[in-house]
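Derivation of every value follows stated rules applied to the coordinates shown; laboratory data play no part. None of the values given here were measured: they were computed from a predicted structure. Reconstructed Cβ throughout: ideal geometry from the backbone, glycine too, with neighbour counts over all protein chains shown.
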Amino acid sequence: MRFKDKTVIVTGAGYGIGKAVALAFGKEGANCVLAARSEDKLKAVAADLRDMGTKPLVCVVDQAQVNAVETCVGTTLKAYGGIDVLVNNSGIAGPTALCSDITTEQWNETIDINLNGAFYFARACARHMIERRAGAMINISSVAGRLGFAFRTPYAASKWGMIGLSHSLAAELGQHGIRVNAVLPGPTEGERILNVMKAQAETRKISYEQVEKGFLSQLPLGFMPTEADVADAVLFLSSDAARGITGQALNVDSGQRMQ
């Protein structure tokens, strides 16, 4: 119960890694603010959290809209009186296409949601955390923020940006007792990676099995981590056990990128 009665905002909490993170915090006693665009999915996660004895809050928000983010953070402060942890997880995969075929609208949408939205939430939470002189922020980037991915230009650029955002915030906010780190999942078991591999197969005109084999061949451990594996890393970096860790980008990728 490392997070008993703590308040944690998790963006993109309706499914995938965000859902796994929210449930992991709930199991350790945190009251989670579930932020995303899909209300139905958030309500289902909230029901699971209430069954654990916590007090979740559903916040339907398009994080590409700064006013919506400010409203969500304000609602959180009104409901709980404080924010202990922000997990910037919300994001989209963006298009899978040759850069010359990607539209300006597709580029802007990916950057707006994945990078700008993360900044909006970090900025709004930082104002409160600075006053308290305490807090932790975890930005969910990607190994794509280390490697660059062919046919995934907007996504990779946004994830590189999230690492730079994390390092910069850590340098600025450490003096106020706020820690900022990034978690970089590699290919992770779940719906999103299945869709990504299907799109890669279609774009490259090869079979899904070939794409999957290519992904797995890059992983020395030979398997894709689960969403729960990523959640474990997030909880560690948010906890007092990581009180001396800030400005780091932790890969959870079965060894895809070693450094």
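For helix 191-204, what angle does its Cα long axis make with the longest principal axis of the chain, in degrees from 0 to 90 and rounded to 10? That helix lies at roughly 30 degrees to the long axis.
Give me the dipole magnitude in Debye, nearest 20, for the chain about the Cα centre, with unit charges on the beta carbon: positive for Lys and Arg, negative for Asp and Glu. Intermediate values should be presented prior to the final figure.
Values: 26 positive and 25 negative charges, 100 e Å.
Value, rounded to 20: 480 debye.
Largest GNM mean-square fluctuation across Arg127, Arg192, Arg37, computed for the chain with C-alpha springs under 10 Å, falls on Arg127. Here the scattering of segment 47-168 is modelled by Debye summation over its C-alpha atoms, one equal scatterer each and no solvent; at q = 0.11, 0.12, 0.20 Å⁻¹ the log10 of I(q)/I(0) is -0.43, -0.51, -1.10.
Can you give the translational diffusion coefficient of the chain in µm²/s, computed by Stokes-Einstein from the Kirkwood radius over Cα pairs at 37 °C and 0.692 mPa s? The Stokes-Einstein estimate is 179 µm²/s.
Report the semi-axes of the equivalent ellipsoid for segment 1-90 in whole Å, largest first, where each axis is √(5λ) for an eigenvalue λ of the Cα gyration tensor.
Numbers: eigenvalues 67, 43, 23 Å².
For segment 1-90, the semi-axes come out at 18, 15, 11 Å.
Between the Cα long axis of helix 39-51 and the first principal axis of the chain there is an angle of about 50°, rounded to the nearest 10. Over 25 Å apart at the Cα level, from the set Lys6/Lys159; Lys19/Lys198; Lys6/Lys43, are Lys6/Lys159. Taking Gly244, Gly29, Gly14 as the candidate residues, the one with maximal mean-square fluctuation in a Gaussian network model of the chain, Cα springs under 10 Å, is Gly244. As a proxy for reagent exposure, Cys32, Cys99, Cys59 were ordered by neighbouring Cβ count within 10 angstrom, fewest first; the result is Cys99, Cys59, Cys32.
Which value at 222 nm does the chain reach when only helices count, each DSSP H run of 4 or more adding -39,500 (n - 2.57), with the total divided by all residues and rounded to the nearest 500 deg cm²/dmol?
Mean residue ellipticity, 222 nm, calculated: -15000 deg cm²/dmol.
How far, in degrees from 0 to 90, does helix 208-217 lean away from the longest principal axis of the Cα atoms of the chain, to the nearest 10? Taking Cα atoms only, the helix is inclined about 70 degrees. Of interest is the spacing of the C-alpha centroids, which for segment 63-81 and segment 140-161 amounts to 27 Å.
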